[in-house]
Amino acid sequence: MSSEKEERILKAARDVFARYGYVRTTMADVAKAAGISRPALYLVFPKKEELFGAVIHRMNDDIFERIHAQLAAHKTLEQKLTLGFELWVGQSFDLAYSSPDARDLFEYENPAMQEVAAEFQAFLADLLREAVRASTLKVTPEELAQALLFAVHGFKTVAKDGADLRRMIAIQISLTIAALNASV
């Protein structure tokens, strides 16, 4: 699928974006980290936005591989939601917040970020589908997944640190499970 060169570029770009954020990262930074010339980088990724999008998609694919590998070990809906949010949000939050310059990664709206968010929202809807059907809540699994995802998006903007973010996510998941169970 991807060439060895492209893989090296994506790994280097991930590390550079995590260290400097989107705004401060230059294509020269990525080329240097990947051990290639800037013109060689532009042959593979003509624009920084395209490179960032490819990094986001690769990270998302890696996260989903990990989620699916671990999902069967989690029995309850609450455990599965917690796993999904930990791997998809918690660890990404920790990565971006390990450097103050990288915090703009949550503010930069790249189409790839919207695409991977939609993929995660669909994953959440699939997890919630059976519980929503069994409940009397007047909501679709897609609407509930969107509400969860938007709430967590808001949590990222106010969380003091990773522990604070995880506390807020746990509360939101508990409220969701309580609402689903109370309406059965």
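The values are calculated or read from the model by the stated rules, or taken from the named source; none is laboratory data. Just so it is clear, the structure is predicted and the values come from calculations on it, not from any experiment. No Cβ is skipped: glycine too gets one built from the backbone with ideal geometry, and neighbour counts run over all protein chains shown. Ligands, DNA and RNA are excluded from the accessible area calculation, which covers all protein heavy atoms including side chains. Shrake-Rupley method; radii C 1.70, N 1.55, O 1.52, S 1.80 Å.
Summary table
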| item | result |
| --- | --- |
| FRET E, pair residue 76, residue 28, Förster distance 41 Å, beta-carbon r, rounded to 0.05 | 0.25 |
| Dipole of the chain [Lys/Arg +1, Asp/Glu -1 at C-beta], most positive-end residue of 30, 177, 149 | 30 |
| Student exercise, the stretch 92-184 dipole from Lys, Arg, Asp, Glu Cβ charges, in Debye to nearest 20 | 480 |
| Relative contact order, percent, the chain [alpha-carbon distance under 8 Å, six or more residues apart] | 23 |
| Stokes-Einstein translational diffusion, the stretch 32-73 - Kirkwood Rh over all Cα pairs, 1.306 mPa s, 10 °C, in µm²/s | 131 |
| Förster-model FRET efficiency, 22 Å R0, residue 181 and residue 118, C-beta, rounded to 0.05 | 0.20 |
| Helix 141-158 vs. the chain, principal-axis angle (Cα, 0 to 90°, nearest 10) | 60 |
| Dipole of the stretch 64-184 [Lys/Arg +1, Asp/Glu -1 at C-beta], most positive-end residue of 91, 163, 111 | 163 |
| Distance cut-off 14 Å, percentage of C-alpha pairs in the stretch 123-162 lying past it | 51 |
| For the stretch 130-184, alpha-carbon Rg and Dmax in angstrom | 12.4, 36 |
| Theoretical ellipticity at 222 nm over the chain - DSSP helices of four or more residues, -39500 (n - 2.57) apiece, nearest 500 | -25000 deg cm²/dmol |
| Most to least accessible of 75, 80, 156, 138 (protein chains only, probe 1.4 Å) | 138, 75, 80, 156 |
| Relative frequency of Cα-Cα separations exceeding 21 Å in the stretch 1-119, percent | 41 |
| HN-Hα J in Hz across the stretch 20-35 - Karplus 6.51, -1.76, 1.60, θ = phi - 60°, x for Gly and Pro | 10, x, 6, 4, 7, 6, 10, 5, 5, 4, 5, 4, 4, 5, 7, x |
| Fraction of accessible area attributable to carbon and sulfur, the stretch 1-110 (%, probe 1.4 Å) | 54 |
| Test item: Cα-centred dipole of the chain, Lys/Arg +1 and Asp/Glu -1 on Cβ, debye | 260 |
